[in-house]
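The block underneath contains the structure these notes are about, expressed in structure tokens.
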Amino acid sequence: MNLVARDVPPRAVWALEQAGVHPLLARLFAARGVQTKDELDDGLNRLLPPASMLGTAQAAVMLADAIAQNKRLCVVADYDCDGATACAVALRGLRLLGSKNTSYIVPDRVVDGYGLTSPIAQRVKDSGADILITVDNGIASLEGVATAKSLGLEVLVTDHHLPAATLPGADVIVNPNQPGCGFESKSIAGVGVMFYVLLALRSEMRQRGVFTVESQPKLDNLLPLVALGTVADVVKLDANNRRLVAQGLKRVRALTLPSGLASLFIASGRQIKVATTFDFGFALGPRINAAGRLADMTLGIECLLTDDSARADELAKTLDGINRERRSIEGDMREQAMQIAESLFDEGDEPPPAICVFDPDFHEGVVGIVASRIKDKLHRPSFVFAASSANGKEHELKGSGRSIPGFHLRDALDLVAKRYPGVLLRFGGHAMAAGCTIAEEHFDDFEQGLNEVAQEWLDVATLARRLDTDGPLSPEYRRIDLVDMLHHEVWGQGFAPPTFSEELEVVSQRLVGEKHLALKLKHQGSPVDGIWFGRTEPLPVRVKLAFRLDADEWNGVRRLRFLVEGAEL
């Protein structure tokens, strides 16, 4: 692995320091493209205006009319954390703004598959709804939207996924990635899109005289949910997304959060008052996602909707149990999938350009997680397939893929679909993550097609493992209070958490829990503890390591340690 120190523009560092930013943060922010303190202002007034997102004005009129006419609204959600939070934000927000008739339907991953399908549209109609609202899905649901329209439903699509050449025939589409939309934050999550629709709706209702600035409902209490969905969906944390997350975190730390979120913090053993983006991404998000993977995402959505703390505790404990089961299934499946992946090439040789793995015993709920693990280990675009459990689709395989930087997975699937007509029954996604459905008999064709595209697109530079770091850590910053300062900031996809790199002396090393490397290190002459999770191979006495600042608590005493992320061997 190549550990590459980021460029740090000295002018930007100087400007940030002069504006009062801590010298370490000034260096870190400048290396991530921040040039002025003004860019770090996370005030709500700095959010991009709702009117700049195409479709929000029309959506606001549609929903304001619906509320005035007491129409029945039904939200069709997605079964991941972004979809669950978007659904909760939609229902909570619409109710705050006066809707008396709101309900939701969330597809079952196994039975229904992804998105607004024709059967789901029929279920919405049968529920007595007048308006169907999609959250975090719908932009690719041409057939489902057409069915909904034919049944007499009004349709509002809110989504953030990349559209195909043809848009669905909805009454209104709100998606920053649709043609003609000038909204600057193309990376906003599905929950963020729905939040923006609610902001536009409140503005429309003010104009109609329903509310004044003083009497209007406060929507900022929805921001903890927006922050959770944004981080959990691993979208790029551009300036606007960072503001949404920062505002959500502020409210969480101030204990202004829904009961379900509070219960999830407790169930996962995390501290609410010092909540971080890490908690959202690695503690709360997986517990919500587990419901959609192994059970019913209704459990996750109900946890986010309830204001009854006892009910929230019960649901959070259930979700925690499901997540433990998910981890167990994933562990067994990952081991098996890795063996299949490594059988595709001889020891000592390079892996093939792309990895495709299938076994009849795989669980379709965790194929994405396992694909991510294979991608991390082999550094290749990776797809893992499981047999579909849906009735009548026993001969179909559902696959989930994860990619490496520089290889756009959804575009690759699009090219495979063109070259191998009929192989891909359905597909969609982003640059780094995508999903598809194929017939079992076409697995070899898909594998060949994806490998052909990968062979053409991947070059030596893309295939080289690279970890961008923040270079050496000055000894004066090796302090526990700076761990807390760094954890307080918003880090994530596209705004990477601080990772330092330099040559260290390995004084001693031992395995803990049979799969983690506990280290005693010397950093510029001073001893410091280290831990490398998931590493079992020993390190040389002197080695260049990439590490993050972390705190380890034992018997009530907090000590600084280095959390090792990689090594240049």
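The values are calculated or read from the model by the stated rules, or taken from the named source; none is laboratory data. Bear in mind that the values here come from a model prediction, so they are computed numbers and not experimental data. All Cβ positions, glycine included, derive from the backbone under ideal geometry; neighbour counts span all protein chains shown.
Residue count for the range 21-31 under the criterion of being surrounded by fewer than 18 Cβ atoms within 10 Å (Cβ to Cβ) and part of a loop (DSSP other than H, G, I, E, B): the result is 1. In the range 233-253, of all residues being surrounded by fewer than 24 Cβ atoms within 10 Å (Cβ to Cβ) and aliphatic (A, V, I, L, M), the one that is modelled with the lowest pLDDT corresponds to V234. Just to be sure before I move on: is L378 in contact with a helix residue (DSSP H, G or I) (Cβ under 7 Å, 6 or more places away or on another chain), within 13 Å of G435 (Cβ to Cβ) and among the aliphatic types (A, V, I, L, M) in the structure I sent? Against the criterion (in contact with a helix residue (DSSP H, G or I) (Cβ under 7 Å, 6 or more places away or on another chain), within 13 Å of G435 (Cβ to Cβ) and among the aliphatic types (A, V, I, L, M)), L378 does not qualify.
A residue that is among the charged types (D, E, K, R), assigned to a strand (DSSP E or B) and exposed (fewer than 12 other Cβ atoms within 10 Å of the Cβ) occurs nowhere in the range 529-540. When you scan the range 79-95, do you find a residue that is out of contact with any Cys (no Cβ under 9 Å at 6 or more places or on another chain), more than 30 Å from A290 (Cβ to Cβ) and in contact (Cβ under 8 Å) with a residue 60 or more places away in the chain, even just one? There is no residue in the range 79-95 that is out of contact with any Cys (no Cβ under 9 Å at 6 or more places or on another chain), more than 30 Å from A290 (Cβ to Cβ) and in contact (Cβ under 8 Å) with a residue 60 or more places away in the chain.
Is it fair to say L167 is under 21 Å from R251 (Cβ atoms), surrounded by fewer than 21 Cβ atoms within 10 Å (Cβ to Cβ), within 26 Å of the chain's Cα centre (by Cα) and in contact (Cβ under 8 Å) with a residue 24 or more places away in the chain? In short, no.
Which ones in the range 426-438 are touching a helix residue (DSSP H, G or I) at 6+ places or on another chain (Cβ under 9 Å) and either in contact (Cβ under 8 Å) with a residue 24 or more places away in the chain or farther than 23 Å from V235 by Cα (or both)? Result: G428, G429, H430, A431, M432, A433, A434, G435, C436, I438. Just one of the listed residues (P405, P421) is in contact (Cβ under 8 Å) with a residue 12 or more places away in the chain, at negative phi and part of a loop (DSSP other than H, G, I, E, B), and it is P405. Screening the range 530-569 for residues that are without any contact (Cβ under 8 Å) to a residue 40 or more places away in the chain and closer than 20 Å to M485 by Cβ and picking the one that is nearest to the chain's Cα centre (by Cα) gives L563. Among the residues of the range 60-85, those that are over 24 Å from A239 (Cβ atoms) and either part of a helix (DSSP H, G or I) or not assigned by TED's automatic domain parsing to the domain that holds N101 (or both) comprise A60, V61, M62, L63, A64, D65, A66, I67, A68, G83, A84. Checked against (1) under 24 Å from A77 (Cα atoms); (2) crowded, with 22+ Cβ neighbours inside 10 Å; (3) not assigned by TED's automatic domain parsing to the domain that holds I266, S389 meets all criteria but (2).
Number of residues in the range 145-156 that are without any contact (Cβ under 8 Å) to a residue 24 or more places away in the chain and in contact with a strand residue (DSSP E or B) (Cβ under 9 Å, 6 or more places away or on another chain) equals 1. Could we say that K317 is assigned to a helix (DSSP H, G or I), more than 19 Å from the chain's Cα centre (by Cα) and over 25 Å from V110 (Cβ atoms) here? The answer is no for K317. Criterion first (part of a strand (DSSP E or B) and farther than 14 Å from V110 by Cβ) does V384 satisfy it? So V384 passes the test.
Residues that are in contact with a Cys (Cβ under 6 Å, 6 or more places away or on another chain) and either among the hydroxyl-bearing types (S, T, Y) or under 14 Å from D359 (Cα atoms) (or both): does the range 403-413 have at least one? So far as the range 403-413 goes, no, none of its residues is in contact with a Cys (Cβ under 6 Å, 6 or more places away or on another chain) and either among the hydroxyl-bearing types (S, T, Y) or under 14 Å from D359 (Cα atoms) (or both).
Note on the range 263-285: residues that are in contact with a helix residue (DSSP H, G or I) (Cβ under 6 Å, 6 or more places away or on another chain) and assigned to a helix (DSSP H, G or I) total 11.
A residue that is outside the structural domain of R92 (by TED's automatic domain parsing), assigned to a helix (DSSP H, G or I), free of Cβ contacts under 8 Å to residues at least 24 places away in the same chain and of a type outside the set (A, V, I, L, M, F, W, C) cannot be found anywhere in the range 347-360. Applying the condition of being within 30 Å of D414 (Cα to Cα) and aromatic (F, W, Y) to the range 457-499 and asking which residue is surrounded by the most Cβ atoms within 10 Å (Cβ to Cβ) yields F495. Report yes if Q247 is over 30 Å from S118 (Cα atoms), part of a helix (DSSP H, G or I) and of a type outside the set (K, R), otherwise no. Criteria met by Q247.
Restricted to the range 1-20, and to residues there that are within 29 Å of the chain's Cα centre (by Cα) and surrounded by 13 or more Cβ atoms within 10 Å (Cβ to Cβ), the residue that is modelled with the lowest pLDDT is M1.
With the structure loaded, tell me whether S400 is touching a strand residue (DSSP E or B) at 6+ places or on another chain (Cβ under 6 Å), at pLDDT below 95 and not aliphatic (A, V, I, L, M) or whether it fails that test. Considered against the rule, which asks whether it is touching a strand residue (DSSP E or B) at 6+ places or on another chain (Cβ under 6 Å), at pLDDT below 95 and not aliphatic (A, V, I, L, M), S400 comes out as no.
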